[in-house]
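To keep things clear, I will list the structure first and then write my remarks on it.
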Amino acid sequence: MSGKLTVGALIPNWYIGQPPTGPDISKYSAAAEDLGFDSIWAIDRLFGPHPVLEPYTVLTWAAASTTRVRIGSTVILAALRNPVWLAKEIATLDYMSGGRIDLGISLGGTEQAYTSVGVPMNQRAGRLVEGIKIMKKLWSEDNVTWQGKYQQLKEATILPKPIQKSIPILIGATNDNACARAGRIADGWIANAFSSPEQIKQRWQKVQDGAKTAGRDPGSLSCSKLLYLWVDDDEEKAKKIAFDFYQSQYPSINVMNFMACGPADKCSKFIQAYLDAGVTNIILGPTGLDIKQLETIKKDIVPKLHI
């Protein structure tokens, strides 16, 4: 999608120790909007080694505390959820927020998570595709009847409808088939936090190729990227803060290879490499609800970024 760069702020969903309260999230969200960020996002995880907050509960607090910014998920594990209930939840939040919702979804998740909700992991892709079709129909039509492999509906109507005529659906994907699928059926693609600029470029091409195969305009799709960071003139301090927070969540990944840590100039150059690879919407995630980090990012990093 051509146009200007958009910059989002991530609300971390998990916390080492006591998680924040609703008012804490409200304060952080309002600050992000006041500082001029374009969007606010949250991730999804059912289980974890530390407290994890449910994303759409978090995003409801964010939406209630703001009036302008987009509100998005990066990303919801859609196959873990009943698509009819998810359609209702998203329609309600879009209505109540004044039409500001972006629905980021993916397969993702662990075998433990899928087993716990009674969904076989080998059904993830089929449930994702069918779920998207169902949600789009429920958001735009009344008396929906559907006979699918996983869901059956008879004269079902969701009211109120979303304010947006079409809620943007962004698919998170990494392998070639999933990226091509995003190009065929979604409004955009979200790259995960642990991907290099080279991988972004290759996968984004697969997404665009998928759009072309489906007779769609690749230029109409957005390319988003979640990127964790911590900005501090003391680079070693920044690395330690980021490492201690994120490595505990992703023990099998060398997280420092994919994070922007240190002085603002260094962080800006690190982020710019992803924009040069095709990213048009960068979602920046400091550790914790640190408003001073948001201020530093907006003042010292964002002005240096361009597409």
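Readers should treat all values here as calculations from the given coordinates under stated rules, not as data from a laboratory. A quick note: this is a predicted structure, and the numbers were derived from the prediction, not measured. Counting neighbours? That spans all protein chains shown, and the Cβs are built from the backbone with ideal geometry, glycine included.
With helices as the sole contributors, the chain gives -12000 deg cm²/dmol at 222 nm; each DSSP H run of n ≥ 4 counts as -39500 (n - 2.57), and the sum is divided by every residue. Length available on full extension from residue 147 to residue 247: 0.36 nm per residue minus the Cα-Cα distance, which gives 31.6 nm.
Cross-link partners for residue 88 among the lysines, with Cα-Cα distance under 29 Å and sequence neighbours closer than 8 places in the same chain left out: 27, 133, 136, 137, 149, 154, 161, 165, 225.
Relative contact order for segment 257-307: 50 percent, from Cα pairs under 8 Å spaced at least 6 residues apart, divided by residue count.
For residue 153, the residues whose modelled amide H falls within less than 5 Å of its own, excluding neighbours fewer than 5 places apart on the same chain, are 146, 147, 148. An oblate overall shape is assigned to segment 138-181, the ratio a/c of its alpha-carbon gyration tensor axes (a ≥ b ≥ c) being 1.5 or greater and a/b not exceeding b/c. Here the Karplus relation 6.51 cos²θ - 1.76 cosθ + 1.60, evaluated at θ = phi - 60°, turns the backbone of segment 18-28 into coupling constants of 5, x, x, 8, x, x, 4, 5, 4, 4, 5 Hz, with x for every Gly and Pro.
Phi-derived couplings, Karplus 6.51 cos²θ - 1.76 cosθ + 1.60 at θ = phi - 60°, listed residue by residue for segment 195-201: 9, 7, x, 5, 5, 4, 4 Hz, with x used for Gly and Pro. Picking from 106, 35, 247, whose Cα lies most toward the positive end of the charge dipole for the chain (charges on Cβ: Lys, Arg +1; Asp, Glu -1)? Positive-end residue among those listed: 106.
The 3J(HN,Hα) values that the Karplus relation (6.51, -1.76, 1.60; θ = phi - 60°) gives for segment 216-231 are, in residue order, 9, 7, x, x, 8, 8, 9, 10, 10, 9, 7, 9, 7, 7, 8, 9 Hz. Gly and Pro appear as x. Can you list residues whose amide H is under 5 Å from residue 228's amide H, if they're 5+ apart or on another chain and H is modeled 1.01 Å from N? Distant-sequence amide H within range of residue 228: 260, 285. Summarising the amide proton neighbourhood of residue 76: residues at separation of 5 or more, or on other chains, whose placed amide H is nearer than 5 Å comprise 104, 105, 106. With respect to the chain, whose longest principal axis is taken over its alpha-carbon atoms, helix 176-185 is tilted by about 60°. Could you estimate the translational diffusion coefficient of the chain from the Stokes-Einstein equation, with Rh from the Kirkwood formula over C-alpha pairs, at 10 °C and 1.306 mPa s, in whole µm²/s? Approximately 81 µm²/s, per Stokes-Einstein.
Among residues other than residue 251 with Cβ under 15 Å from its Cβ, the summed charge is 0 (Lys and Arg +1, Asp and Glu -1).
Annotation for segment 163-185 versus segment 1-39: alpha-carbon center distance of 23 Å.
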